[in-house]
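The values are calculated or read from the model by the stated rules, or taken from the named source; none is laboratory data. What you see is a predicted model, and the numbers here were worked out from it, not measured in a lab. Counting neighbours? That spans all protein chains shown, and the Cβs are built from the backbone with ideal geometry, glycine included. Areas reflect the complete protein model, heavy atoms only, side chains present, ligands, DNA and RNA absent. Shrake-Rupley method; radii C 1.70, N 1.55, O 1.52, S 1.80 Å.
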Amino acid sequence: MSMFNTGVLVLTSPLHTLPLRIAPVLSSAAQVVGRTLYVHLHPGLNLGSGGQPRPVFIPPAVDLSSIITRLYSNASDVCGHLDVRVLLTNMCAAPPASAPSASPFPAPQRLSHLPEVVLTDFPLQDSDQPSLVSQCLQRYAGHCYVCSPGLNSVLLDPQWKEGVEVKGGRMEAEPLRTYSDVVVGGTFDRLHGAHKTLLNISCLLANRRFLIGVCDQEMLKKKVLKELIQPYDVRVQRLREFLRDVKPSLETEIMPLDDPYGASVVDPQLQCIVVSEETRGGGEAVNRRRLENGLPELVLHQIQLLKDAHHTETEEEKISSSSLRSRLLGSLLAAPKDASHLPPLPYVLGLTGGSGSGKSSIARRLEALGAARIDSDQLGHETYRPGAAAYRRVLEEFGTDILNEDKTINRRALGGKVFGSTERLKALTDIVWPEIALLVEQRIQQAREEGKQVCVVDAAVLLEAGWSHMVHEVWVTLIPEEEAVLRITQRDGVTAEDAQRRLQSQWSNARQVENANVVLSTMWEPEVTQRQVLKAWRLLQERILQRQGAEATP
């Protein structure tokens, strides 16, 4: 069956049977749709009568909230590659005055991604129905949403067990209490199933306005792999797009969150805050602050945490952004820049990272996998040897009082002359860095002559020195600053203050990651680092093969 980028899945099963059917339906839909799957809920919709079914307003109910949670949970398990979005345009406690015809779609809604196919779980009663149901389905979808002109339709026939009761008995259509103004807060990094559950249920609860606080700056400092968190503007843009699709009638406000409270403790119009079991304490703290400010408490609506069926031992059991960020380690985060000026082989990796980040240990792991390793720090020592090109120039610039008795340069004495002076440090690096670069190029040529496929340049100053033009890809190792300070003090016997100053003299993790193609981290056990390296190496081999294939094609 052909694959479509975007589709609308119209679910017609009664709500009490739908929980059993969601997983197989999503699994079947994922064989047809490859990127974005919009889910439209219309329980009881009859597509087989031959008439023209019309969308209607469906009142929010407790079981709808459960269905939404189940949808995103199952989607994360069976079709994690899909961007699933549950649409709520037809979910409303009472038809608005602007819709006298009682239709939620006075005009077809334009979605962020144009649907190319419409799918449904509507069960066929006999062999004569498919054509009729397909026509009804296409007309129904076109009435609700702006779709591609040649809209295709697919009648899914997933396998599920009939006649099995939902755990806890049949779900009743218990009304869901809704509110005028609802608030939530979060990081919203790389929108995943748990985020979407939170946002969808908040939209279901909100009748007029939805206020979202998005963590920024101070609130991100203690996040795992915070350097991989998407920029604030990107997160906000994706939130807006998602909410526009899900419930366009809702007034949404998004604002930066630089403390745990934001507008939730000062906005008198807010009525409800949506929390999880994990964040309920934060919601209670908001209410205490509101009472101090003379405002009424907010209703705390608690949603379920979604379990991550694919989590590893180093990841959280729940679906979380930190787990998703950890899975980016070893992957290609940014396409390599044009390196047509470099010979295709060896494929040169520039491996860099802050002091204490474990960069050299990763370089040795790559060497064990077959890469030629070039230690630029060792080459730096060579540039200071008597007779080396930089030796005389360093003495002319900094004086002969930096010499040991054997006429070698005392690097500690030299360091004392440049410490704390940007100008003097630049004078030194202007002498030494070009010489190290020449030695690196010689080692790369040597690796080429030896027939090496991959070469790793282990260089702490790779980016600062402007050597990225010498490599095909930049790989960066990072660890939290506090961990780096601990490692430096234990390894080098310096004070925490000295370790801190050393780190501050280097490019920050965030700045290095901005220039990285691949990011790795040694903050966990050695076997976790090894899995990252093996993953990065496997993906690198695939890229090299693809590149060789492209170059071989006329």
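Points to keep in mind about this one:
- Residues located in segment 190-208, provided they are part of a strand (DSSP E or B) and open to solvent by less than 10 Å² (accessible area, probe 1.4 Å): A206
- Taken over segment 539-554, the criterion of being of a type in the set (V, I, T) and surrounded by 10 or more Cβ atoms within 10 Å (Cβ to Cβ) is satisfied by I544 alone.
- Considered as a group, the residues in segment 122-160 that are open to solvent by 30 Å² or more (accessible area, probe 1.4 Å), in a helix (DSSP H, G or I) and touching a residue at least 24 places away in the same chain (Cβ under 8 Å) include one that is nearest to T89 (Cα to Cα), and that residue is H143.
- Enumeration of residues in segment 285-306 that are closer than 18 Å to A194 by Cβ and open to solvent by 90 Å² or more (accessible area, probe 1.4 Å): Q304
- Any chance D63 is open to solvent by less than 20 Å² (accessible area, probe 1.4 Å), part of a helix (DSSP H, G or I) and at pLDDT below 95: yes
- Cβ separations smaller than 8 Å between residues 6+ apart or across chains give the following pairs from segment 316-334 residues that are over 17 Å from L478 (Cα atoms) to residues that are assigned to a strand (DSSP E or B) and open to solvent by 40 Å² or more (accessible area, probe 1.4 Å): E317/K307; K318/K307; I319/K307.
Residue by residue, here is whether (1) open to solvent by 30 Å² or more (accessible area, probe 1.4 Å); (2) charged (D, E, K, R) holds:
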site: F188; (1), (2): no, no
site: M219; (1), (2): yes, no
site: K223; (1), (2): yes, yes
site: E227; (1), (2): yes, yes
site: Q230; (1), (2): no, no
site: V246; (1), (2): no, no
site: G262; (1), (2): no, no
site: E278; (1), (2): yes, yes
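- Scanning segment 371-413 for residues that are among the charged types (D, E, K, R) and within 30 Å of A536 (Cα to Cα) yields R373, D375, D377.
- The residue that is nearest to L87 (Cα to Cα), counting only those in segment 4-38 that are within 23 Å of the chain's Cα centre (by Cα), open to solvent by less than 10 Å² (accessible area, probe 1.4 Å) and among the aliphatic types (A, V, I, L, M), is L37.
- Filtered by the rule that a residue be among the β-branched types (V, I, T) and out of contact with any Asp or Glu (no Cβ under 6 Å at 6 or more places or on another chain), segment 365-414 gives I374, V394, T400, I402, T408, I409.
- Within segment 307-342, restricting attention to residues that are of a type outside the set (D, E) and within 16 Å of T69 (Cα to Cα), the residue that is most open to solvent (accessible area, probe 1.4 Å) is K307.
- First in segment 380-391 and among the basic types (K, R), second anywhere and in a loop (DSSP other than H, G, I, E, B) and open to solvent by 30 Å² or more (accessible area, probe 1.4 Å), Cβ under 8 Å, 6 or more apart: R385/T408
- Output for segment 460-483, where each listed residue is in contact with an Asp or Glu (Cβ under 8 Å, 6 or more places away or on another chain) and either hydroxyl-bearing (S, T, Y) or closer than 13 Å to S521 by Cβ (or both): L478
- Leading residue by the ranking (farthest from the chain's Cα centre (by Cα)) among those in segment 77-102 that are in a loop (DSSP other than H, G, I, E, B) and modelled with pLDDT of 90 or more: N90
- Checking I254 against (1) more than 30 Å from E482 (Cα to Cα); (2) crowded, with 19+ Cβ neighbours inside 10 Å; (3) of a type in the set (A, V, I, L, M, F, W, C); (4) at pLDDT 95 or above, the condition it does not meet: (2)
- Among residues of segment 255-278, those that are within 23 Å of the chain's Cα centre (by Cα) and either within 21 Å of Q109 (Cβ to Cβ) or among the small types (G, A, S) (or both), counted: 1
- Contact map, segment 491-518: first residue farther than 21 Å from A363 by Cα and touching a residue at least 60 places away in the same chain (Cβ under 8 Å), second residue among the hydroxyl-bearing types (S, T, Y) and assigned to a helix (DSSP H, G or I), Cβ cut-off under 9 Å, separation 6 or more or different chains; pairs are A499/T489.
Table: residues versus (1) part of a loop (DSSP other than H, G, I, E, B); (2) in contact with a His (Cβ under 8 Å, 6 or more places away or on another chain); (3) closer than 24 Å to A484 by Cα.
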| position | (1), (2), (3) |
| --- | --- |
| P336 | yes, yes, no |
| I362 | no, no, yes |
| G370 | yes, no, no |
| Q378 | no, no, yes |
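- None of E423, E435, E382, E396 is part of a helix (DSSP H, G or I), more than 30 Å from L333 (Cα to Cα), open to solvent by 20 Å² or more (accessible area, probe 1.4 Å) and touching a helix residue (DSSP H, G or I) at 6+ places or on another chain (Cβ under 6 Å) except E435.
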